[in-house]
1. Suppose we filter LYS319, LYS354 for residues that are of a type in the set (D, E, K, R), out of contact with any Asp or Glu (no Cβ under 9 Å at 6 or more places or on another chain) and not assigned by TED's automatic domain parsing to the domain that holds ASP13; which single one remains?
2. Give just the number: which of (1) over 17 Å from VAL156 (Cβ atoms); (2) out of contact with any Asp or Glu (no Cβ under 8 Å at 6 or more places or on another chain) does THR103 not satisfy?
3. Of everything in the range 118-128, what is modelled with pLDDT of 95 or more and part of a strand (DSSP E or B)? Give them in sequence order.
4. Report, by residue number, each residue of the range 174-216 that is more than 18 Å from PHE122 (Cα to Cα), among the acidic types (Asp, Glu) and touching a Phe, Trp or Tyr at 6+ places or on another chain (Cβ under 8 Å).
5. If I ask for residues that are surrounded by 15 or more Cβ atoms within 10 Å (Cβ to Cβ) and either at pLDDT below 95 or within 22 Å of the chain's Cα centre (by Cα) (or both), which ones from the range 327-343 would you list?
6. Residues that are of a type outside the set (Gly, Ala, Ser) and closer than 20 Å to LEU283 by Cα: which strands (runs of 3 or more DSSP E) entirely in the range 129-218 hold 2 or more of them?
7. Considering the range 227-264 alone, what residues qualify as being more than 30 Å from GLY302 (Cα to Cα) and in contact (Cβ under 8 Å) with a residue 40 or more places away in the chain?
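The values are calculated or read from the model by the stated rules, or taken from the named source; none is laboratory data. This structure is a prediction, so every number in the text was calculated from the model and none was measured. Neighbour counts run over all protein chains shown; Cβ positions are idealised from the backbone, glycine included.
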Amino acid sequence: MENKKLVVIGANDFQNQLILKAKELGFETHVFAWQDGSIGEKTADFFYPISIVEKDEILEKCKEIKPAGVCSIASDLASITVNYVAGGLGLTCNTPEDSEIRTNKYLMRQAMMDFGVKTPKFKKVSEGDEIDVSGMEFPMIVKPTDRSGSRGITKVLEESGLLAAVENATKYSFEKSAIIEEFIEGEEYSCECISYQGKHHFLAFTKKYTTGAPHFIETGHVEPSDIPEDRQEKIKEEIFKALDSLKIQNSASHTEFKIDNKGNFGIIEIGARMGGDCIGSDLVKLSTGKDFVKMVIEVATGEEPDLSVVSKPVRAEIKFIFTKEDLDELERVKQESPEKIYRISEMELDNMGKTEDSSSRVGYYILTSEKEER
């Protein structure tokens with residue numbers, strides 16, 4: 001490839017793994033983000049202090065840069081800009097005109113239902129609307145229609161809690177709307193895939209841990225998951241069908257789902273991008289030996305993703321820090337099993353005990369170990 005310029009949308013710690021991989025592959029990195037001191041501002045070859053929502057301004061600058069590809073990882077908001085800019089430049093991407101169905105939880109549910117994917121009952125409510133959930137059953141989950149990172153999520157057990165939950169969700173929503181869904185019971189997982197020219201490639205299942213009700217902030221993830229192999233193919237088949245319903249053709253994807261104690265499977269939501277929380281940027285490669293970040297760059301630059309195993313697969317786990325007790329646990333691991341530590345993030349100690357969503361956690365650390373025999 002003669003053109004070795006790559007545009008990255010976003011500059012935070014998760015995006016930095018993409019920037020570093022692009023540089024490792026010989027790309028000149030051009031990074032766009034709001035200037036707030038994020039690490040990508042320093043690691044990028046060229047940094048442009050333009051907010052990721054300023055799609056037209058970024059597109060005009062990219063017409064000057066003439067990159068081989070435009071990409072991002074782990075951000076729904078950034079993925080909208082990626083498709084808009086890449087589409088405007090004639091580069092490989094998901095269809096820009098369908099970005100909204102891939103980033104709006106209500107439109108996503110509607111698209112999956114219309115395509116025959118099993119969905120819970122759901123309803124959209126905008127700020128100030130009367131809340132009518134007749135025909136639906138409690139418990140329910142209330143979420144902003146257009147946000148991620150566990151922002152504004154509440155599990156509601158009875159009708160008296162709906163108003164406060166909707167007000168909380170619409171407060172976080174860009175369009176001031178919430179989606180109310182019947183709650184899917186079970187253990188939580190995610191599925192990580194890469195798609196190119198409409199063909200989907202499975203990479204990994206992830207076991208997810210959260211704070212539970214009412215807000216379900218993620219506390220950790222483990223790969224490989226504990227899903228029995230005899231159930232995996234049917235789950236993949238339904239997820240690929242859901243990816244088709246959202247017209248995901250050229251990107252990573254992160255499908256969150258649950259499995260109950262009877263083996264029933266239900267999709268929560270899908271991101272047309274890598275899973276955040278280092279799932280895509282680190283855990284997939286560690287647990288499978290396949291370079292997921294490199295695949296994202298390959299797809300963005302119009303190349304078929306390389307699915308080969310490039311390193312020995314291990315068990316990989318990320319743990320998030322919320323409290324002093326969590327920090328104490330990290331110190332214990334440092335003392336007793338330092339060889340297991342793969343990476344420790346910077347710590348935002350001011351957030352200690354104040355975590356309200358994924359963005360306000362104190363920090364994280366990633367552990368690796370030999371895979372357990374099953």
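1. Answer to the selection: LYS354.
2. With (1) over 17 Å from VAL156 (Cβ atoms); (2) out of contact with any Asp or Glu (no Cβ under 8 Å at 6 or more places or on another chain) applied to THR103, the lone miss is (2).
3. PHE122, LYS123, LYS124, VAL125
4. Across the range 174-216, the qualifying residues are GLU188, GLU192.
5. Across the range 327-343, the qualifying residue is only TYR342.
6. 187-196, 199-210
7. Scanning the range 227-264 gives LYS258, ILE259, ASP260, ASN261, ASN264.
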